[in-house]
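Values quoted throughout were computed directly from the atomic coordinates according to the rules given, and no laboratory measurement underlies them. Predicted, not measured: the structure shown is a model, and the values here were computed from it.
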Amino acid sequence: MKTIKLVVTSAILIFVGCNSKKDYPADVSQNILTSCQGESATTEKQAVCSCLLGKIQIKYSLAEFVTINQNISTGQAPESWTKFQGAAIEECFKSVAP
């Protein structure tokens, strides 16, 4: 019985650890949301951008995101970021679509 509990507990910890969200400081999160929403922050756009923020926080540590953001600001967005962002936005649109 102890072995089963240990295996189940280990599986849960691995799943949660691999999918855990890394909360960014409030100002960083707000900058991501503002940048995503642009000038017109409709309800749908806010939902998509919140979803995107969550996906970013799951995939990237703050340090990784800062590095990616610095590369983007110099016009050198990593291809892996471009692919991730495109797929994440598409998934987020599907999740909030009526």
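Could you give me the ³J(HN,Hα) list for segment 89-98, computed from phi with Karplus coefficients 6.51, -1.76, 1.60 and θ = phi - 60°, whole Hz, x at Gly and Pro?
Coupling constants for segment 89-98: 4, 4, 4, 5, 4, 5, 6, 9, 5, x Hz.
Convex hull volume of the Cα atoms in segment 23-96, per residue, in Å³?
Roughly 89 Å³ of hull volume per residue.
Pull up all non-local amide H partners of residue 77: gap of 5 or more, or a different chain, and H-to-H distance under 5 Å with H placed in the peptide plane.
none
What length, rounded to one decimal in nm, is gained on full extension from residue 30 through to residue 89, with 0.36 nm per residue of separation minus their alpha-carbon distance?
Contour length minus Cα-Cα distance gives 19.5 nm.
Roughly speaking, what is the stretch gain from residue 58 to residue 74, that is 0.36 nm per residue apart minus the C-alpha to C-alpha distance, in nm to one decimal?
3.3 nm
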